[in-house]
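One structure is given here, and the rest of the page talks about it.
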Amino acid sequence: SSVHSPATNSSTSDVLLPPAAMGIDFRGNSYVRRVRWGKRTVKEGEAVAIWDQYGRHHQVVGPALCRLWYSTIRFLERHVAGCNEFLRIRHRDGTIEHVRGPTVLFENPVHHIEVVVAKAISLPTNSSHLVVIRSPASKDAASAPSREIKSGPLLFFPEAMDGVQVFDWADKGGGALSTDPIGEGDSATKSAVLTALQGMRFGHLNGSLLEHVRAAVSAEKFAADLAAELRQRAACELVSVSVSSAEPSEALLQILKQEDEVAGAKVRDQIADSNLAAASARQDREQALEQATQKHELKLAAERHQAELAQHDLEARRHLDNMKELRGLGVDLTQYLCHGPRSQLAAASRGSAQQKTMGFLCL
């Protein structure tokens with residue numbers, strides 16, 4: 001056989017080794033080589049996938065001698081199913097195929113995504129039963145899956161579209177999907193409760209946590225979903241469900257603490273806003289009172305000024321009347337105003353008119 005050394009970068013052919021005994025180990029999908037030119041011997045019981053320089057693929061099942069020219073060769077994994085087994089084949093086009101054993105298949109990555117060897121389901125006695133849920137072959141949405149019960153003794157090979165539920169029947173006739181129906185029931189109940197409480201924001205709800213949990217588990221939809229889950233997983237019938245206590249988790253406690261801190265901050269902000277509004281209102285009232293006081297004082301000052309002006313006008317009229325009266329008495333007003341009232345009063349001290357004038361001046 002020929003061997004290509006990946007460390008060299010020359011365009012020469014593979015190095016030819018001296019004839020030697022052919023290997024006895026079967027090669028699988030871990031053997032992948034890029035060959036410039038050379039040959040490979042495919043033993044009986046082996047198969048290879050070969051891609052030429054243009055990317056075209058063909059499969060060779062041994063025994064064969066393959067001559068290669070700038071090709072990639074990959075040996076294929078061999079899967080063998082016995083008489084109590086079958087091959088589950090996932091094709092590249094998305095289809096799934098079950099091939100009953102005994103059979104053999106080489107897993108080719110061009111055609112297959114995965115090939116798995118699975119065991120058939122054995123029902124040894126007539127007390128062993130299976131429920132086969134078979135999906136319809138058509139893609140019609142109105143088509144419902146069919147159910148079929150298989151009883152032993154039987155070696156059952158499921159089809160690609162089958163869903164199988166295995167029941168372990170007890171001597172009392174109660175079936176269960178597992179050997180621990182109590183554990184399955186507890187698990188189903190916890191899962192149903194968590195599903196019912198999803199999306200509930202406990203930090204924004206009024207009342208206790210226990211009340212909200214009880215309200216969630218008392219809904220009709222919760223009871224119907226839980227009853228169906230218990231029948232499917234634990235072969236049990238739901239009689240009733242009740243919640244005696246509810247404790248928040250650490251994460252919920254942190255959330256509630258954060259909610260309380262946010263609520264406290266909001267209350268403090270509201271108090272601060274109220275105090276600020278009260279202080280502003282008090283300042284406005286004080287300013288209004290001060291303005292009213294100033295206005296009142298200005299009004300009083302204006303009234304005092306008006307009273308003073310009226311008093312001055314009255315005194316002026318009285319003085320003018322006195323001057324007119326003195327003039328009527330023959331008093332020289334010029335001399336009176338220039339030299340004062342005493343000389344004039346002395347000159348006009350005669351008569352009752354002078355006495356009246358003197359009395360007026362004394363006033």
Largest-first ranking of MET161, MET200, MET323 by accessible area, probe 1.4 Å, whole protein assembly kept, is MET161, MET200, MET323
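May I ask for the net charge around VAL193, where only other residues with Cβ less than 12 Å from the Cβ of VAL193 are counted and Lys, Arg are +1 while Asp, Glu are -1?
Values: positive: LYS190, ARG214; negative: ASP186, ASP225, GLU229.
Neighbour charge sum, excluding VAL193 itself: -1.
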Counting only DSSP loop positions in the range 29-60, the chymotrypsin sites (Phe, Trp or Tyr not before Pro) whose Cβ has at most 16 other Cβ atoms within 10 Å are TYR31, TYR54
Within the accessible area of the range 231-348 (1.4 Å probe), percent carbon and sulfur
53 percent
Check which residues have an amide H placed less than 5 Å from ALA47's amide H, if you skip close sequence neighbours.
GLY62, LEU76
Debye calc, one equal point scatterer per Cα of the range 43-150, no solvent, log10 I(q)/I(0) at q = 0.14, 0.21, 0.24 1/Å comes to -0.76, -1.17, -1.30
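The values are calculated or read from the model by the stated rules, or taken from the named source; none is laboratory data. All values derive from a computational prediction rather than experimental measurement. Heads up, the Cβs are rebuilt from the backbone with ideal geometry, glycines too, and the neighbour counts pull from every protein chain shown. The protein model used for the area step is the full one, side chains on, heavy atoms only, and it has no ligands, DNA or RNA in it. Shrake-Rupley method; radii C 1.70, N 1.55, O 1.52, S 1.80 Å.
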